[in-house]
Amino acid sequence: MNTYRKLTRIAVYLTVLMVMQGCRNEKKTMPVSQQAEELTAVQRLMSKDGEILFPARDELVADRKQLIGELIAIIEEKENRIGKQASVRAAMYVLGEMRAVEAIDVLVEYIGFPRVMGVGEPVVTDVSASMLSHNLKDTREIYPAVDALIKIGEPCLDTVVAKLGSPVSIRACLAVLVGLRGRDFTVETLTAAIEKESDAKKKVRLEASLKVLGKLPD
C-alpha cells in the first residue's frame, strides 16, 4: 500500500512538472507581439523593438488625452456642478496634478466654483465683506480650480488676467496670480492691464480687482 501511494505521488509530481514545462515552452514559442500584449504600456516602453515601443508610447499619449477630456466633461456638466460637487472638485484636482494645460480654459471658466458656478446656476457673490476676511491660502481650499491652475503654472496667466475683466470670481483669480508670481507681480500685471484696456467696463473691473487685492490678507 505504501509503495502504491509513493508511486501515485511520483506520478502526480511528474505530471505537474510536465504541465509547467509545457507552459514555459508555449510562452517561448508565443509570438513577440502576443507576449507584448500581456504587458502594460509602460512596460512595453522598455522594449528594444520599435514595433512594440512606439505603439506603447502613442497609446499612453492617447490615454492621457482621453482622460483629460473625460475630466473636463465632468466639470462642464451643469448637473455635476450643482448636484455632484465632490466629483467636480476631484476632477479639478486630478487635472491640476496632471499639469493639464488643455484644461486651462474650463478651469478658468469655472474658477469661482462652488461659490460662482455659471450662467443660470446658484451664485454667491465673490467679493463680499465676509469673503474678504479669508486669506489667499484659504482661497486655494475654497476654490478647487485655483489650486489646479497654480499647479498647471504660468501657461494660465493670460487667461486668468482676462477673466478679471468679467464680473465674477475676482478673488479666485487674484489667488492664482499671487500664488504663481507673488503680490508685487500681480499689482504690476493689473496696473499694466488697466493701462492697456480700452473697454470702460472691463477697465472698471480691473481697477476693482486691484482694490480687492489691497484688502486681501496673505
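Listed by Cβ neighbour count within 10 Å, with the fewest neighbours leading, L190, L60 appear as L60, L190.
With the simple spin-label model, which puts each label point 7 Å out from Cα in the Cβ direction, the E77 to K203 separation comes to 4.4 nm. Site pair V61 and V187 shows an inter-label distance of 4.5 nm when each label is modelled 7 Å from Cα along Cα→Cβ. Close Lys pairs in the range 163-211, defined as Cα atoms under 15 Å apart and 8 or more places apart or on different chains, number 5. As a proxy for reagent exposure, T40, T191, T159, T139 were ordered by neighbouring Cβ count within 10 angstrom, fewest first; the result is T40, T191, T159, T139.
All of the numbers you see were taken from the coordinates with simple rules; none came from a lab. Predicted model, so just to flag it, every value in this text is computed and none were measured. Glycine also receives a Cβ, built like all others from the backbone with ideal geometry; neighbour counts cover every protein chain displayed.
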